Amino acid sequence: MLVFSAIIGIFFAAKGVYKSQNDYVMAGRSLTCWPVALSLTASFMSAVTVLGTPAEIYRFGIAFGLFCFAYTIMVLISAEVFLPVYYRLHIVSTYEYLELRYNKRMRLLGTLMFMLLTILYTGIVIYSPSLALSQVTGFQLWGSVISTGIVCTFYCTLGGLKAVVWTDVFQFILMISGFLAVIFRTLVIKGGFDAIIDDARNGGRLRFWDFNLSPLRRHTVWTVVVGGSFTWLGIYGVNQSQVQRYLACKSRLHAKLSLYLNLLGLFVTLSSAVFSGLSMYSIYKDCDPWTSGFVSAPDQLMPYLVLEILGDFPGIPGLFVAGTYSGTLSTVSSSINALAAVTIEDLVKPYFKASDTNLSRISIGMNLFFGAVCLAMAGVASKMGGLLQAALSIFGILGGPLLGIFSMGVLLPFANASGAFSGLVCGFLITLWVGLGALKYPPSREKTMPLHLSTAGCRKYNVTLTTTLTTIVRTTPAQRSLLHEYWYSLSYLYFSLIGTMVTFLVGAIVSAMTGGFRQTVESRLLFGKEDFIENFVFWKSKWVELFERLHPKVNPEVSEGAVEGTTDDTEGGK
């Protein structure tokens, strides 16, 4: 897998993608919808999904599957509100919009927040899967981390965005293959789909619709659908790593199609991860490896399962390991490429004059530099806790305020730079407060509501269970203040919602108070009704064109001749 990914980078380097800055960073804006759709799916549904989501389903049930509604809302808003504005501006860096809409200071702040967010997230993606796999499979931890970082940096630097997109396609296929191997083997072991579903039902894992309005409950319909929509919109709507891909499409239609096709990819990935989690529970319903001490963290459950049920099949455990590392590569390559792009567009080009050739060389240097930075940041992830929750928490804390200022700019004609700056600062401080508080004072088990895990069938029950339960009790404080019990216990999926709403509301109020209604904003910077209506106009024209092809108009001269009897052929006249 590593070798093939490197070869893709060499292939596109041989085609000369680095000769032009536009070709290197934006693939010449010539990509079609299919590879971009798979790349979008792979980039942020990577190792987090492969290891974190099945463990989530195993411990908490299938409520996480409600993310399918959040993904739908997110794609609709990204494709119909943000994409039309970005595409007509012909921008490379998403944060260039902030300068066009507000000023250079807001562009710089947005860029720096994105860089911080991406480097932290990439550290989690590199380190956590490597840690989980090393502890279960015996892989060398830092050997895996370093080899992943080096290969990823190699093909990003050589092949530019085209190499990143096409390696994502290859890596997405590997990730799905790893899931399918687990699912099919479990179906054979358990004797069919019905047995797995019955085990999940008896274990309480099939509770899907929880309409409890409490924001303290970890996963309900409201936290997942509402909070999850804002969390992922902060990624697909304003994050450079995702926006750069669909803006590299050859037309706006292909860009929109890439998002909608990506939605299908998200559904496939989520379904595979959810059923893998149910398969895991069906296998371990009588002997939980985590509680009984066979693994030390939930993120290790999936590789442990693979070794146990697929260890006798040569190459198949390796397929899963390759799929997991594919997830890491797809995310890291997207991050490195995006970091290099915003550095050139937001920090170099506005302040330094350079030829197109020199910019390409600087881009190559930036890819190398950020590859090293992300590799160095991998150690920070060891302090972040659970893989899935930590990743989404970071996106909420930093992505929510960024989504707020972009939403203000696109939707509010009276939003100005003073309001955007005030809203961004307030939104960031509030989400940082609740995020760090939740990290230091984790919610109690009554809030997270993990489901029962049995150890009745474990041979090591008496040896390990006592230690594990003692650790769990010790990490939950006996006395908690109201601040700890309520504010720090908010569902992590609401972090992005809080950041977005605080930023938006504070920004709107300050803008109105500082003369926002007296300013004039170019219509191309705003989402207008014509952007919405254009979809109907486009598809109406396609339907009319199709109708005319199926029902061509009769030639008027022939019709007139037929009526007047000008033809000698009786049958023709009739």
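In table form, for the structure just shown:
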read-out: Rounded FRET efficiency, nearest 0.05, which uses the C-beta distance separating Trp34 from Ile7 and R0 of 22 Å; value: 0.60
read-out: Per the chain, cysteines lacking a partner by the 4.7 Å Cβ criterion; value: Cys33, Cys68, Cys152, Cys156, Cys249, Cys374, Cys426
read-out: Relative contact order [Cα under 8 Å, 6+ residues apart], the chain, whole percent; value: 28 percent
read-out: Spacing of the two label points (7 Å from each Cα toward its C-beta) at Thr357 and Ser296, in nm; value: 5.4 nm
read-out: Protection proxy ranking, peptides 174-181, 352-359, average beta carbon neighbours within 10 Å, highest first; value: 174-181, 352-359
read-out: Cα gyration tensor shape of the stretch 55-128, rounded if a/c is under 1.5, else prolate or oblate by comparing a/b with b/c; value: oblate
read-out: Near-label residues of the stretch 402-424 by backbone N, under 12 Å of a point 7 Å along Cα→Cβ of Ala512; value: 414-415
read-out: On Cα atoms only, tilt of 301-310 relative to the major axis of the chain in degrees; value: 90 degrees
read-out: Alpha-carbon radius of gyration plus Dmax, which is the widest Cα pair, for the chain in Å; value: 26.4, 104
read-out: Members of Lys15/Lys353; Lys256/Lys440; Lys162/Lys190 lying beyond 31 Å, as alpha-carbon distances in this model show; value: Lys256/Lys440; Lys162/Lys190
read-out: Gyration tensor (alpha-carbon) shape descriptor, the stretch 1-79, a/c threshold 1.5; value: oblate
read-out: Crossing angle, helix 2-14 versus the chain [Cα axis fit, 0-90 degrees, rounded to tens]; value: 30 degrees
read-out: Gyration tensor verdict on the stretch 157-289 (Cα atoms; rounded if a/c is under 1.5, prolate if a/b is larger than b/c, oblate otherwise); value: oblate
read-out: For peptides 182-191, 158-167, sequence by mean Cβ density within 10 Å, most packed first; value: 158-167, 182-191
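Any read-out appearing in this document is the output of simple, stated calculations on the displayed coordinates, not a laboratory observation. These numbers come from a predicted model, not from an experiment. Please note: Cβ atoms are built from the backbone with ideal geometry, for glycine as well, and neighbour counts cover all protein chains shown.
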